[in-house]
Amino acid sequence: MSITKRGRPIEYDRDLTLQRAGDLFWSVGFGASSLDALSEATEMTRPSLSGAFGDKEALYIATLERYRDTSAAAMTTILSAARPLRTELAEVYTKSTDSYLAPDDAARGCLLIGTASVEAVHRPAVRQVLQQSLGMFNAILEERLRKAIAQGELGAGADAAGLASVASAVMHSLAVRARAGEPRAALDLLSKAAIDLICGGKDPADTQAACN
């Protein structure tokens with residue numbers, strides 16, 4: 001009679017492991033992230049990584065989902081409708097740009113836009129995650145814009161879905177431009193122009209300052 005010994009379950013911090021793997025994917029891309037490099041970055045052996053996440057693509061997708069969910073949660077918190085729409089959108093763009101330029105102004109852009117958009121061409125599972133992620137961001141923005149319409153911040157005839165797509169597209173453009181090396185001042189000007197377009201007109205504070 002043979003006795004099969006069961007090994008001890010892998011002990012690891014899933015969130016920390018995904019953060020470390022995501023940082024590597026973010027910095028060099030999916031293709032250039034070797035299994036040896038991922039093992040070193042996560043401080044897990046290759047068999048342990050495989051046992052915990054599956055193959056390299058499955059690990060990559062898990063990092064994308066973590067990034068998406070963290071970003072969506074942060075957006076939802078900011079876009080709470082507790083403050084004016086203009087103020088909340090400004091914070092979304094400011095914090096997004098902070099992330100795109102970090103760490104130390106390395107200008108990595110966005111993990112999803114910068115890496116998943118490349119892999120989505122020939123990896124259906126990655127394309128699905130990217131599509132779902134963009135839809136999630138649009139939905140969060142659209143919900144806030146609908147509240148702005150209901151509260152009279154935007155006109156009753158405003159197109160919440162269309163404006164949400166614009167707001168989201170600007171966020172993705174900031175990521176690409178940051179990765180291309182555009183200076184922070186230029187990114188901030190783009191954010192401000194987008195907010196003026198979405199909210200209608202200029203910030204009342206700017207108008208007041210011009211009159212003084």
Subject >> Exclusive hit being touching a residue at least 60 places away in the same chain (Cβ under 8 Å) and among the hydrophobic types (A, V, I, L, M, F, W, C), set 130, 190, 163 >> reply: 130
**OP:** Identify all residues within the range 117-175 that are basic (Lys, Arg), farther than 17 Å from residue 91 by Cα and assigned to a helix (DSSP H, G or I); write none if there are none.
**Re:** 127, 146, 147
**OP:** May I ask you to list the residues in the range 158-177 that are more than 19 Å from residue 145 (Cβ to Cβ) and either surrounded by fewer than 18 Cβ atoms within 10 Å (Cβ to Cβ) or modelled with pLDDT under 95 (or both)?
**Re:** 176
Original post:
If you scan the range 41-70, which residues turn out to be buried (at least 19 other Cβ atoms within 10 Å of the Cβ) and among the β-branched types (Val, Ile, Thr)?
Top reply: 42, 61, 63
Subject >> Conditions (1) at pLDDT below 95; (2) over 18 Å from residue 169 (Cα atoms); number of the one not met by residue 109 >> reply: (2)
Original post:
Checking residue 124 against (1) surrounded by 12 or more Cβ atoms within 10 Å (Cβ to Cβ); (2) modelled with pLDDT of 95 or more, which test does it fail?
Top reply: (1)
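Say whether the condition of being among the β-branched types (Val, Ile, Thr) and in a loop (DSSP other than H, G, I, E, B) is met by at least one residue in the range 13-20.
Start the filter on the range 13-20 by keeping residues that are among the β-branched types (Val, Ile, Thr), which leaves 17.
Restricting the remaining residues to those that are in a loop (DSSP other than H, G, I, E, B) gives none.
No: zero hits.
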**OP:** Residues being over 19 Å from residue 125 (Cα atoms), in contact with a helix residue (DSSP H, G or I) (Cβ under 8 Å, 6 or more places away or on another chain) and charged (D, E, K, R): count how many of those fall in the range 28-64.
**Re:** 3
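If you scan the range 21-40, which residues turn out to be in a loop (DSSP other than H, G, I, E, B), surrounded by 12 or more Cβ atoms within 10 Å (Cβ to Cβ) and either modelled with pLDDT under 95 or out of contact with any Leu (no Cβ under 7 Å at 6 or more places or on another chain) (or both)? Walk me through it before giving the result.
Going through the range 21-40, the residues in a loop (DSSP other than H, G, I, E, B) turn out to be 29-34.
With the extra rule that they be surrounded by 12 or more Cβ atoms within 10 Å (Cβ to Cβ), the set shrinks to 29-30, 33-34.
Within the range 21-40, 29, 30, 34 meet the criteria.
It is to be established whether one or more residues within the range 85-94 are closer than 18 Å to residue 192 by Cβ, assigned to a helix (DSSP H, G or I), polar (S, T, N, Q) and touching a residue at least 60 places away in the same chain (Cβ under 8 Å).
Our first condition is that a residue be closer than 18 Å to residue 192 by Cβ; within the range 85-94, this holds for 85-94.
Those left that are additionally assigned to a helix (DSSP H, G or I): 85-94.
Subsequent filtering for residues that are polar (S, T, N, Q) retains 87, 94.
Then drop every residue that is not touching a residue at least 60 places away in the same chain (Cβ under 8 Å), which leaves 94.
Yes, the range 85-94 has at least one match.
The values are calculated or read from the model by the stated rules, or taken from the named source; none is laboratory data. What you see is a predicted model, and the numbers here were worked out from it, not measured in a lab. Cβ: placed from backbone, ideal geometry, glycine included. Neighbour counts: every protein chain shown.
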